[in-house]
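Derivation of every value follows stated rules applied to the coordinates shown; laboratory data play no part. Note that the coordinates shown come from a computational prediction; the quantities given were computed from them, not determined experimentally. Cβ sites come from the backbone with ideal geometry, for glycine too, and all protein chains shown count toward neighbours.
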Protein chains: 2
Amino acid sequence: MKPVKIGLIGLGTVGSSVFNLLKSNGAEIERRVGCQLLVSHVGARRDNPACDLEGVKVSRNVLDVLDDPDLDIIVELIGGTTLAKDIVLTAIQRGKHVVTANKALIAECGQEIFLAAQKQGVSVAYEAAVAGGIPVIKAIREGLAGNHIEWLAGIINGTGNFILTEMRDKGAAFDDVLKQAQELGYAEADPTFDVEGIDAAHKLTILASIAYGIPLQFAKAYTEGIAEIELADVHYAEQFGYRIKHLGISRRTENGVELRVHPTLIPESCLIANVDGVMNSVLVQADAVGPTLYYGAGAGGNATASAVIADLADIGRSIGADATSRVPALGFQPDAMSDQCILSMDEVETAYYLRLSAHDHPGVLADVTQILSKRGISIEAMLQKEVSDPQHDLVPIILLTQRIKEKEMNAAIAEIEALDSITDKVVRIRLEHLDAQTA
Amino acid sequence: MKPVKIGLIGLGTVGSSVFNLLKSNGAEIERRVGCQLLVSHVGARRDNPACDLEGVKVSRNVLDVLDDPDLDIIVELIGGTTLAKDIVLTAIQRGKHVVTANKALIAECGQEIFLAAQKQGVSVAYEAAVAGGIPVIKAIREGLAGNHIEWLAGIINGTGNFILTEMRDKGAAFDDVLKQAQELGYAEADPTFDVEGIDAAHKLTILASIAYGIPLQFAKAYTEGIAEIELADVHYAEQFGYRIKHLGISRRTENGVELRVHPTLIPESCLIANVDGVMNSVLVQADAVGPTLYYGAGAGGNATASAVIADLADIGRSIGADATSRVPALGFQPDAMSDQCILSMDEVETAYYLRLSAHDHPGVLADVTQILSKRGISIEAMLQKEVSDPQHDLVPIILLTQRIKEKEMNAAIAEIEALDSITDKVVRIRLEHLDAQTA
């Protein structure tokens, strides 16, 4: 069979890895796909010394790649949602298949892009957009096609997981670990996207869409970052047998779909609680298969390139095949999407870890427990430490609660903070058991 | 689109789950696939009270299903390699696609079956044959298509893993736990296939073939069961920070492919060392993505049915599409299989756990270490326990060695057993670190 011709736009870390892997593993990939996957045109503003581009057409104006009539597939690896969006939409208009690793683009503009692709009968593939090299899009979209998926929870941002892992292992504070992560190249100079959970929310938006067949609704995702996590909470959590992870969680309930990224206590016996450092992992609870978990590198040039090439192989095989025989972009047929709403955080139910700073007066605990009980909040476990600040007779009280709607918990916390004996804002971290019954 | 018509042969645990899930999740599956997956003919010697077969054609002679001209896909779920093989080959001859969960059939007769399917231009899908509901065939065959896969290691028999987990957790002996597993329905009355590693070797044979693009060579797989594992070894392993798991391991070396199932010490910090009970997990080391791990239920009606339906969905989408656009049965194009040999165990290199029972005489240790050193075997760690049997002054000596070819180790063990001071057969369990460098 004649080679599949690829236009590669973007020659940074991921782009250069795709280019080099297609060469170094080319023979093996051809043995799998049945034809060569050939990068015949590269669009990059400058050369990348990691790549030997001899014999390859190179355009400095990346848009010129789109004018090349010989190409079957355009690979977009420049990131962002402006130029990248133009590139992807133009490629589709010209009847090219598209592969991208751009989670922001898919999460924010996916609807428009997939609609255009459907009209043109081309594929837009994005395995690399979620959890890097882990083939989790394929697993959910195809491997679990027989299931009603109930919920999923993922460590889908390596930077955040690295920071939380280091805090626990080394007892270092958030700011110090962040600085270290930046030095190691795990965190960007501006770490907002990672640390605030925006990157994770992009990925979670995509996962929820393919899991339940709902439109992409990034704007409705709730995100809470890890910058507020204190070492004390990491240690208290450990005393109860929990670890704090920055999770993306989505759950299908009767009233709508939960879509939330926040620090979460999870039992240390969970496999996913033991996913450390920059690694990613997604746990999926489905009605037939039960829990399945997918683990691997969520970032890095080669790991991301692995997913890009898997998409190229899929498209390479299907070139010439009828578009109806392909897996739909969001797993479900475009005309069969469900209109379940995304739940507001007020309506989301989880358990909670609370840390209160209280004067060591008799009656404090009675006041607190009464406020909780009035709102139907049951206490699962409690830890009252020795006086931590003898000069001000302050004691930390740590509570684990049972599941309750967030609006009840917020109201209770407001009442607790209004008590004279409570000196500080209440520290509140959500807690999930990740067992079959609940998210 | 008109429904895809399925003939379901076998209505036991898995067959009835497939039938019921296609009904209960039918609407959601149709939203994914774009057409209904309809079981229109069931072949079963007797009814299964779990299934409401109203409106479905039923044949008591299962071969009659093959005569039904309306069917698009035959699902073979009767197991075994005799009648099942006839059914699959006949279905192929008649131009039907085939889905099976039969690992023995694929591992032992897959070459013949896939050749016949290729000639007829039909698909034979078998996701359910390995690791039950975990979509690991799809992950390796498609999701890692850009990688050179270096090795893989899997807990791919739930019964064996349940027994080893219970031995460790409850301190129970092998025979007692086996009896318990049989009572719980986790182990067959004749547990040979599970306990001796034959079932795992079937699955490993399939995994190795799709990972490296080599023919299925079940006959060359090395299998060693778990019946010899003593509680003492489980505990000594734990003191060194290891767990004993019954692993299927395959590694691509310069000289050939390792293909072996045996009890293995692995570091307890490995994620896969924490896969307990009846759960399955496969760890794959590939050059681009690095390690990825897939975890879930390896058995059970619904979990296995989940994988069967994923195959049905794939075929349902591709019906009418050109056969060349489909994923090849063994991941690699049939004319691009590699002829790398399977290594004999003599040539396989691993580290070892050794337990010696020795008279407490001076010089024993010197004799043992000299024998090891003479053969180039380095000692990684040693534990000499107090005299365990004061009447006979016997002491257990536990050694962890570095990696060495099995033939050297076998020769050294023979020499050690010939020493006067050594009273018993040497207990030898292989040890793998499962890090990026080694299997």
In chain A, which residue puts its Cβ closest to the axis that turns chain A onto chain B, and how many whole Å away is it? A:A321, 2
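Quick one: net charge around A:A414, please, counting Lys, Arg +1 and Asp, Glu -1 for every other residue with C-beta under 12 Å from its C-beta.
Values: positive: A:R375, A:K407, A:K425, A:R428; negative: A:E408, A:E415, A:E417.
Around A:A414, the charge tally is +1.
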Distance between the C-alpha centers of region A:354-377 and region B:306-385? Whole Å please. 57 Å
At q = 0.13, 0.20, 0.21, 0.24 Å⁻¹, what log₁₀ I(q)/I(0) does region B:223-333 have when each alpha carbon counts as one equal point scatterer in the Debye sum? -0.74, -1.26, -1.30, -1.37
The residues B:K103, B:K85, B:K2, sorted from fewest to most surrounding Cβ atoms within 10 Å, come out as B:K2, B:K85, B:K103
From the gyration tensor of the Cα coordinates in region B:345-431, what semi-axes in whole Å does the equivalent ellipsoid have, largest first, with each one equal to sqrt(5λ)? 22, 12, 11
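Under the rule of -39500 (n - 2.57) per DSSP H run of 4 or more residues, summed and divided by the residues of chain A, what mean residue ellipticity at 222 nm is obtained, to the nearest 500 deg cm²/dmol?
Working: 12 runs with 142 residues, N = 439.
For chain A, the value works out to -10000 deg cm²/dmol.
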Using the 7 Å Cα-to-Cβ label point, sort the distances from B:A381 to its equivalents in the other copies shortest first and give them in nm to one decimal. 2.8
Peptide A:144-156, shielding by other chains (average Cβ, 10 Å cutoff): 5
Whole percent per 10 Å bin, from 0 to the bin with the longest distance: what is P(r) over all C-alpha pairs of the protein assembly as shown? 2, 12, 20, 23, 20, 13, 7, 2, 0
Label 7 Å beyond Cα on the Cβ vector: A:P362 copy-to-copy distances, nm: 7.2
Among DSSP beta bridges lying fully in the protein assembly as shown, give the percent that are antiparallel, nearest 5. 70 percent
Where does the charge balance sit around B:I342 when Lys and Arg score +1, Asp and Glu -1, over other residues with C-beta under 9 Å from its C-beta? 0
What does the structure give for B:321-327 when I average, per residue, the other chain Cβ atoms found within 10 Å of the residue Cβ? 6
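With 10 angstrom as the radius, rank B:D367, B:D420 by how many other C-beta atoms surround their C-beta, starting from the fewest.
On the way: B:D367 17, B:D420 10.
Starting with the residue having the fewest Cβ neighbours, the order is B:D420, B:D367.
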5 Å is the cut-off here: which amide hydrogens, built 1.01 Å from N in the peptide plane, fall below it relative to A:Q36, excluding neighbours closer than 5 in sequence? A:V4
Output, in nm with one decimal and in ascending order, the distances from the A:A50 label point to the matching label points of the other copies (7 Å from Cα along Cα-to-Cβ). 4.9
Only counting other Cβ atoms within 10 Å, I'd like A:R31, B:R260 sorted with the fewest neighbours first. A:R31, B:R260
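Taking the radius of gyration and the Kirkwood hydrodynamic radius from Cα positions alone, what is the Rg/Rh ratio for region A:273-368, to two decimal places? Please list the in-between numbers first.
Values: Rg = 23.1 Å, Rh = 19.5 Å.
The Rg/Rh ratio comes out at 1.18.
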In Å, what Kirkwood hydrodynamic radius results for chain A from the alpha-carbon pair distances? 23.2 Å
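Need one value for A:267-279: mean number of C-beta atoms belonging to other chains within 10 Å of its residues' C-beta atoms. Please report the intermediate quantities before stating the final value.
Values: counts 0, 0, 2, 1, 9, 2, 1, 5, 2, 2, 0, 0, 5.
So the per-residue partner count for this stretch is 2.
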Give the relative contact order (percent, whole number) for chain A; include only Cα pairs under 8 Å separated by 6+ residues. 16 percent
